[in-house]
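Written out below as structure tokens is the structure these notes cover.
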Amino acid sequence: MMNIQSLAGQWHFRQAGTAEWLPGSVPGGVHTDLIALDKLPDPFVADNEKQVMWVAEQDWEYRLRFTPDAAVAKEDKVFLVCDGLDTLAEVTFNGQNLGNTDNMFRQYRWEVKDLLQAGENELAILFRSPVRYITQEQARRPLRGVTQAIEGNPHIRKAPCQFGWDWGPQLPPIGIWQDIRLEGRSAARLADVHLRQAHEHGSVAVSAALAVERWRDALLKATLRVIAPNGETQEVVETLHDSHATLALAVTNPQLWWPNGYGPQPLYQVEVLLEQGDTMVDHRTFQLGLRTIELRQMPDEWGKSFTFAVNGVPIFAKGSNWIPADSFPTRLTDAFLEQLIRDAAATHQNMLRVWGGGFYEEERFYDLCDRYGILVWQDFIFSCAIYPLNDAAFLENVRVEVEENVRRLRHRASLALWCGNNEMEWGWESWGWAKPAMTAEQMAALQELAASFPPVRLLLEAAANINVLDGWEELKAAYDRFFHELLPTWVAALDPDRAYWPSSPSSDTPFRNVNGQEQGDAHYWDVWHGRKPFTAYRDQYPRFMSEFGFQALPPLATIRTYAAKADWNMTSYIMEHHQRNQAGNGLIIAQMTDNYRMPTDFPSLVYTSLVLQAEGIRYGVEHWRRHCNRVSGTLYWQLNDCWPVASWSSLDYFGRWKALQYAARRFYAPVLLSLYDHDAQIEVHVTNDRREAWSGTVRWTLETVDGEIIGRGEEIVNARQQADTTICTLDFREQVNDGNQRRLVFVCELHHGATLVGTSLATFVPNKHLELADPQIVATVRQEGEQLVIELTAPTLARFVELSLDGADAVFSDNYFDLPARRSRSVTTPLPAGWTLPQVQAALQVRSLYDAFAR
């Protein structure tokens, strides 16, 4: 009554119009198949990207010859189901055209029972070039997009960033990128299952609204089964009298799901079964966390809040923005994907924003977010461009896309918000999108010329037909209608339990004050694009900061994968090829010279760029967490990379931790020690995200870089729950002067009993002016089971101490930390597989800021 035959595995493919068929993998794509056959150089090395761009400019065919399983073929209905075709495909089954596809985000399904043959069958899929298509459409109807991309990508429902972004290459994949199979069915199938939860006074009821597609007039029964984390099972069974039914049960001793840092993540397994007699007709399985979630927007003294609340508890969202983890998504392994999500959770992150320039992620991504307690801000896939939302066919294509993906994801415990798009409302407000293509005077002059010069007249007529000259207002109106009327209506009907937000950023007042401080969310890019100092972050008080960032080079081990040593220069051709923000390397250097001395060699430059990025983002996050009564979340740009590149990420393409990732573990800690310093005056703050009060001790010293104590103090800490507490305000204007300020630092430590919880250090001059001496760091290593323990001491201050193991990608318990004079620090890391303690001792490398500029 239900049988499935996977069609994944080895297929054959060829460039359209050529004779040779080559072996390929499904799921997969043309680029990865050609790379596997050594017919294409690695696009991520040097400038090989340019050598492989021809691939996306061609048409390609994939073919599978197979024999259908007898159990599948005997069913009443047999469907070919394609979960993801990328993107412009013509699907043929045994010589019969089934249809064409034009959306990589949709599932396509065709009935093929009448086309099946007893022996060998052939499934063929012809993929048309996405580059050629968008180029033709762009010539017909120009649409604005990002300057780093191949022009025209708004015309196609394909991941926008695959055509290029200011951190990504121009490598649009082609192929079968998700599962493909035959489904044999009889009697009926579950066309839709909508799981919902009802929470009241500690009790939880789970319901499943079913839509059933029937092919026989048979008696059917449905079962809703809920399996608790401990294996206990509850179920309810109901006979179906028509095509719709709702089953519900009260969960015994419900265990609530919480975001990372707020409580555990118990997960229930939910099964929905459809049976005819004792025969299974269809079934669905879901992973479910029991919780409530809401977006609170309440009037307050600053405007209106923007606070997520889970199980009635307000959450300070600590996280980052997520982009596709590989330019070729089919080669992303389960293990590496889990590593990325696990590393986000390990740094106390509780939210990832799935950015609208990528794609709706696969089930495994949301499974991991459910398991690790990571809330998901889910953008719909529209970003930084004008889309043809006044085109009826385009709109219908998007409607089906929205319906499928909302239905697919709405049961997720991790799903916090649906957001219409990325930065498009900002574009209409501030980027000149709403300006006419030419002034009235220019148009009048052109029309006067057209009266006497026929070619100009013809050009004007053609331009009018394709809305080049007078279509922007129409496109703005289409945007307004889609994101403020149609899309929220669709979402509300499909997922009434989830908030919708029209754009990021947005004030929820269309086209007005998009990045305002009174309400909504904000993107702040004046520090990066506007070249403002890091101190400018302290001028910003958004209700929710959903984007801000600063770039760094990737670790040197990653640079080695794409740049030869001869290219180790910020302005070399290869280094600039792996920097997709046109002014990026210059912006890094400019900010670097504001804060640090110029590094003496390229490895030191890499190190200093990593420190610069970490310190800049720390500066902003600590400020906003000190104002957590006003600011309800920070999501830095960005967590991860899709290829090896200079970017805003904290984890590079290979998952290597940059200094920012380590800094995030400190500045996102549940109990945060931070300093607000100005004019030799320092406020000591403790921000406590916990749901209970926290007590401890602050100990501070005013000291020289070589450890001479000028002043010291101690304060008892009673930090209120989910609030910031000012512990003390210190005034050192009498102690700090022009003659000693280059040698003085303020060192503050937060203790909980005998445990050091956090350390924060403030200087009275920029780091470049500190009179640092060679810290002569002594590092001793010992082994405790499978852990390495590294003890570090230094007679003078060592800033931003970097630890690494030559030959291993080690993740340390802390890194890029300050080691004040005459103190010791203990850091741990797992022993690399197969390594011995003497190998570790020989491979351990220690660097500090002094080493970056000392000769």
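The values are calculated or read from the model by the stated rules, or taken from the named source; none is laboratory data. Predicted, not measured: the structure shown is a model, and the values here were computed from it. Every residue, glycine among them, receives a Cβ derived from its backbone with ideal geometry; neighbour counts consider all protein chains shown. To get the accessible areas, we keep the full protein, side chains included, count just its heavy atoms, and leave off ligands, DNA and RNA. Shrake-Rupley method; radii C 1.70, N 1.55, O 1.52, S 1.80 Å.
Across the chain, C-alpha contacts under 8 Å between residues 6 or more apart give a mean separation that, scaled by the residue count, equals a relative contact order of 9 percent.
Report the residues of the stretch 639-675 in range of a label on Val45: point 7 Å along Cα→C-beta, backbone N strictly under 20 Å from it. Once the point is set 7 Å along Cα→Cβ of Val45, 642-646, 653-655 turn out to lie under 20 Å by backbone N, inside the stretch 639-675. The mean sequence distance of close C-alpha pairs (under 8 Å, at least 6 residues apart), as a share of the length of the stretch 238-316, puts its relative contact order at 20 percent.
Its relative contact order, with pairs defined as Cα atoms under 8 Å and 6+ residues apart, puts the stretch 646-729 at 25 percent. Working note: Debye formula, equal point scatterers on the alpha-carbon atoms of the stretch 308-420, no solvent; log10 I(q)/I(0) at q = 0.16, 0.17 Å⁻¹ is -0.79, -0.88. For Ala477 and Asn569, what is the calculated FRET efficiency with R₀ set at 41 Å and r taken between the beta-carbons, to the nearest 0.05? It comes out at approximately 0.25.
Within the stretch 140-179, the proportion of Cα pairs with more than 13 Å between them is 52 percent.
On a full-extension model of 0.36 nm per residue, what is the gain between Asp497 and Gln787, subtracting their alpha-carbon distance, rounded to one decimal in nm? All intermediate terms of the calculation are to be shown ahead of the outcome.
Numbers: separation 290, 0.36 × 290 = 104.40 nm, distance 4.52 nm.
Length gained, Asp497 through Gln787: 99.9 nm.
Diagonalising the gyration tensor over the Cα atoms of the stretch 130-275 and scaling each eigenvalue by 5 before taking the square root yields semi-axes of 44, 25, 14 Å, largest first.
With the simple model of a label 7 Å out from the Cα in the direction of the Cβ, Leu761 to Gln721 spans 3.6 nm. If R0 is 51 Å, the Cβ-Cβ spacing of Glu111 and Ala198 corresponds to a FRET efficiency of close to 0.85. Summing Lys and Arg as +1 and Asp and Glu as -1 over all other residues whose Cβ lies under 12 Å from the Cβ of Ile341 gives a net charge of -3. For Lys74 and Asp539, the difference between the fully extended length at 0.36 nm per residue and the C-alpha to C-alpha distance is 160.5 nm.
Computed over Cα pairs, the Kirkwood radius of the stretch 678-809 leads via Stokes-Einstein (1.567 mPa s, 4 °C) to a diffusion coefficient of 76 µm² per second.
Can you tell me the equivalent ellipsoid semi-axes for the stretch 645-739? Use √(5λ) from the Cα gyration tensor, largest first, whole Å.
They are 29, 22, 11 Å, listed largest first.
If R0 is taken as 60 Å, the Cβ-Cβ distance between Arg742 and Asn253 corresponds to a FRET efficiency of 0.45. Counted over all Cα-Cα pairs of the stretch 320-382, pairs farther apart than 15 Å make up 46 percent. Volume of the convex hull of the stretch 251-374 (Cα atoms only), normalised per residue: 174 Å³. Using the Cβ of Asn767 as centre and a radius below 12 Å, the other residues enclosed give a net charge of 0, where K and R count +1 and D and E count -1.
Using a probe radius of 1.4 Å on heavy atoms only, what accessible surface per residue do you get for the stretch 513-587? Whole Å² is fine.
Using a 1.4 Å probe on heavy atoms only, each residue of the stretch 513-587 averages 36 Å².
Which percent of the accessible area of the chain is formed by carbon and sulfur heavy atoms (probe 1.4 angstrom)? Answer for the chain is 48 percent, counting heavy atoms of protein chains only. Just so you know, the averaged projected area of the alpha carbon convex hull for the stretch 1-102 sits at 7.9 nm². Modelled spin-label separation between Thr593 and Arg630, with each label point placed 7 Å from Cα along the Cα-to-Cβ direction: 3.4 nm. Largest first, the residues Ile709, Ile227, Ile617, Ile716 sort by 1.4 Å accessible area into Ile716, Ile709, Ile227, Ile617.
Projected label points at Thr561 and Thr239, each 7 Å from Cα along the beta carbon direction, are separated by 6.1 nanometres.
Considering all different alpha carbon pairs of the stretch 490-553, the Kirkwood hydrodynamic radius works out to 13.4 Å.
Just from its helices, what would the mean residue ellipticity at 222 nm be for the chain, if runs of 4 or more DSSP H residues each count -39500 (n - 2.57) and the sum is divided by every residue, rounded to the nearest 500 deg cm²/dmol?
Value at 222 nm, helices only: -6500 deg cm²/dmol.
Divide the volume of the convex hull around the Cα atoms of the chain by the residue count and you get 206 Å³ per residue. Computing Rg and the Kirkwood Rh from the Cα coordinates of the stretch 364-423 gives a ratio, Rg/Rh, of 1.05.
Count the net charge of all other residues whose Cβ sits under 13 Å from the Cβ of Leu672, scoring Lys and Arg as +1 and Asp and Glu as -1. Its environment carries a net charge of +4.
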